[in-house]
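S.K.: Okay, here's the structure, questions in a sec.
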Amino acid sequence: MALLQDFAAIVGAEYALTGDAVARWSKDWTGKYCAQPGVVLRPASTQEVSRIMALANAERQSITPVSGHTGLVGGTYAPGGVMLSLDRLNTIHEVNRDARTAVVDAGVILSSLHDAAAAEDLIFPLTFGARGSAMIGGAMSTNAGGSNVLRYGNTRDLVIGLEAVLADGRVVNLMSALHKDNSGLNLRQLLIGSEGTLCVITKAVLKLHPKPRTYTTAMVATPTLEDALTLLNRTQDATGGEVEAFEYMPRNYIDVYMDRFNGAREPFDAPHDINIMVEVATTTDADVGETLMGVMADMMEAGTVIDAVIAQNETQRREMWDRREAAAELAFWRSPIVDTDVAFPLDLVPEFFRRAAAAMAELDPDHEPNFVAHLGDGNVHYSVYPSRDDDSLKDQIVETIEDIVADLGGSFSAEHGVGLSKLNTMRRRKDPVALDMMRKIKAVLDPNGILNPGKLIPD
């Protein structure tokens, strides 16, 4: 087709992929959203992205941006459509040790940025299991979270500036490295988390942090989740807020992990229902390990901690992290599955689990749960394996969880984005005035509706 030839003229014929060459873009990480795009364009510069968008807008051709293709909500589903891959925009332009910033292209792989920051004795603290393939552009588009949100915040909190291409091909330059800039509306924060529906993010200025001198990582068992939250708060108080991660893994999760991974080890000598991974890090000479042990010892004496193991070396620390970071793989290894990504005020997380367990037992007595939580920031990944592959039952499970989330003042989408999988939930649960505002913003920035249509914002 003539349009394909025009696109190929922009990126080069070898970077306008069709047929078998698009196979790796045809299946998402979960295996749920499988469809072959008609063409995958791989531009090498912002200028090429701009020309692609200008042409697409003129021809009313929809464009689906894609980065590392590691999303979990169908945000890059584009059957027969045009995908715009950012994988060739992969330059780390600068790591500024004095300013503690990095200037990077959207196609930079997260782990590559980790390595570049480490070379300057700094860290980019955003991290999660897919860091070896996930890209910065996708992290910004979904406002990714991960395990260190407790200390460093979501992606929004780590982006100082960005560059983006709008639907009509115009390039908006918001690449300021300023920490304070009140010159109008914060357009940067509008574009972060827009899931490719408002723009194509091409470049960013990111905030780096000093590299901790020491990490202390432990597995801790508590009688109740309330006791776990007490452990979190006491450790934060004792260390001056230096808790990096606070992750909850229940007994059933440990059982699945042990079954699926050869050579996997139990976190403790004896099994426990509530297993918490806590990591504390410091950039000073303070002995946070001693501090953590002191907190745990006091709580053991009070009976609110019942077991604890501290990693003695990096191998043991990595073993603890591997156990937690296997969560997505463990959730999606079987089907049917209903997976949710919800968030609550910290003190209401235990109540959610109690209500959810009771509701699922009534709705589907033979279901199997599989869940973990970033307990330190109230984010729960609550998955259910229904007893039968019944769409009506799966819908009921989702709506039941939604009801509990709404009643507790939580969010139905914490860190994975909305994409396709939560579109109906957005329609049912999002404030109608907020939805109206989103639609109007979309109409202004993308009047022809060509940017990632059908995602995030319900019709």
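Read the figures in this text as sums done on the coordinates, not as results from a lab. Fair warning: this is a prediction, and the values are worked out from it, not measured in the lab. All Cβ positions, even for glycine, are placed from backbone atoms using ideal geometry, and neighbour counts span all protein chains on display.
S.K.: Enumerate the amide H contacts of T64 below 5 Å, restricted to partners 5 or more residues apart or on another chain; note that Pro and chain-start residues carry no placed amide H.
M.R.: Under 5 Å from the amide H of T64 lie the amide H atoms of V82, M83, L84, N452, each far enough along the sequence or on another chain.
S.K.: Moving to a separate point now. Test of understanding: what is the full-extension gain from N252 to E120, defined as 0.36 nm times their sequence separation minus their Cα-Cα distance?
M.R.: That works out to 43.4 nm of additional length.
S.K.: Apply the Kirkwood formula to the stretch 334-416: the hydrodynamic radius equals the inverse of the mean of 1/r over all pairs of different alpha-carbon atoms; give it in Å with one decimal.
M.R.: Radius from the Kirkwood sum: 12.7 Å.
S.K.: Compute the angle between helix 251-260 and the longest alpha-carbon principal axis of the chain, please, reported from 0 to 90 degrees and rounded to the nearest 10.
M.R.: Once rounded, the angle reads 60 degrees.
S.K.: Do the sum for the chain: with -39,500 (n - 2.57) for every DSSP H run of n ≥ 4, divided by all residues, what is the mean residue ellipticity at 222 nm, to the nearest 500 deg cm²/dmol?
M.R.: So the calculated ellipticity at 222 nm is -10500 deg cm²/dmol.
S.K.: Peptides 437-444, 324-331: what's the order by average Cβ count within 10 Å, highest mean first?
M.R.: With the highest mean Cβ count within 10 Å placed first, the list reads 324-331, 437-444.
S.K.: Could I ask something else about it? Which whole-Hz ³J(HN,Hα) couplings does the stretch 4-12 yield from phi under the Karplus relation 6.51 cos²θ - 1.76 cosθ + 1.60, θ = phi - 60°, glycine and proline marked x?
M.R.: Running phi through 6.51 cos²θ - 1.76 cosθ + 1.60 with θ = phi - 60° gives 4, 5, 5, 4, 4, 5, 7, 9, x Hz.
S.K.: So how do E319, E402 line up by other beta-carbon neighbours within 10 Å, fewest first?
M.R.: Ascending number of Cβ neighbours within 10 Å: E319, E402.
S.K.: Related question: Per residue of the stretch 299-311, what does 6.51 cos²θ - 1.76 cosθ + 1.60 with θ = phi - 60° give for ³J(HN,Hα)? Whole Hz please, x for Gly and Pro, Karplus curve as stated.
M.R.: Values per residue, Gly and Pro as x: 6, 4, 4, 7, x, 9, 10, 10, 6, 7, 9, 9, 4 Hz.
S.K.: Taking neighbour Cβ counts within 10 Å as the exposure measure, how do S387, S67, S26 sort from fewest upward?
M.R.: By the 10 Å Cβ count, ascending: S387, S26, S67.
S.K.: Rg over Rh of the stretch 92-210, using C-alpha atoms and the Kirkwood radius, what does it come to?
M.R.: For the stretch 92-210, the value is 0.94.
S.K.: Also: Ratio of Rg to Rh for the stretch 2-85, alpha carbon only, Kirkwood?
M.R.: 0.95
S.K.: Mind checking the angle between helix 225-239 and the chain's longest principal axis? C-alpha axes, 0 to 90 degrees, to the nearest 10.
M.R.: Result, in degrees: 80.
S.K.: Something else now. Which translational diffusion coefficient, to the nearest whole µm²/s, is obtained for the stretch 214-328 from the Stokes-Einstein equation, given a Kirkwood hydrodynamic radius over C-alpha pairs, 4 °C and 1.567 mPa s?
M.R.: 91 µm²/s
S.K.: Dimensions of the stretch 310-459 along principal axes (Cα, Å, largest first)?
M.R.: Projected onto its principal axes, the Cα set of the stretch 310-459 covers 56, 41, 31 Å.
S.K.: Take the Cα radius of gyration of the chain and divide it by 2.2 N^0.38 Å, with N its residue count; two decimals is plenty.
M.R.: Scaled against compact globular proteins, the figure is 1.00.
S.K.: Turning to a different aspect of this structure: If you put +1 on each Lys and Arg Cβ and -1 on each Asp and Glu Cβ, how big is the dipole of the stretch 214-328 around its Cα centre, in Debye rounded to 20?
M.R.: I would put it at about 340 debye.
S.K.: Same structure, new question: Relative to the compact-globule scaling 2.2 N^0.38 Å, provide the ratio for the alpha-carbon radius of gyration of the stretch 198-241.
M.R.: That ratio works out to 1.92.
S.K.: Right, something else. State, as an integer percentage, the relative contact order of the chain based on alpha-carbon contacts under 8 Å between residues 6 or more apart.
M.R.: Reported as a whole number, the value is 16 percent.
S.K.: On to the next question. Which loop-located chymotrypsin sites (Phe, Trp or Tyr not before Pro) does the stretch 177-266 contain, where loop means any DSSP state but H, G, I, E or B and the Cβ has at most 15 other Cβ atoms within 10 Å?
M.R.: Hits after loop and neighbour filter: F261.
S.K.: Let me check against my output: what whole-number percent is the relative contact order of the stretch 334-416, with C-alpha pairs under 8 Å and at least 6 apart?
M.R.: It comes to 46 percent, rounded to a whole number.
S.K.: Would you list S335, S183, S133 from fewest to most Cβ contacts within 10 Å?
M.R.: S183, S335, S133
S.K.: With a cut-off of 8 Å between alpha carbons and a minimum separation of six or more residues, what is the relative contact order of the stretch 214-328 in percent?
M.R.: Over the stretch 214-328, the number comes to 44 percent.
S.K.: While we're looking at this one, here's another question. Looking only at the stretch 151-165, which residues have a backbone nitrogen under 16 Å from a spot 7 Å from the Cα of T91 in the C-beta direction?
M.R.: 163-164
S.K.: Quick one: which residues, 5+ away or cross-chain, put their amide H under 5 Å from the amide H of T214? H built at 1.01 Å from N.
M.R.: Distant-sequence amide H within range of T214: T282.
S.K.: Moving to a separate point now. Can you work out ³J(HN,Hα) from phi for every residue in the stretch 397-408, in order, using Karplus 6.51 cos²θ - 1.76 cosθ + 1.60 and θ = phi - 60°, giving whole Hz and x for Gly and Pro?
M.R.: Values, residue by residue: 4, 4, 5, 5, 4, 4, 4, 5, 4, 4, 5, 8 Hz.
S.K.: While we're here: Residue farthest toward the positive end of the dipole of the stretch 2-85, with Cβ of Lys/Arg at +1 and Asp/Glu at -1: which of L4, T46, G81?
M.R.: G81
S.K.: Amide H of A311 versus every other amide H placed in the peptide plane: which residues, excluding those fewer than 5 positions away on the same chain, fall under 5 Å?
M.R.: T217, A218, M219
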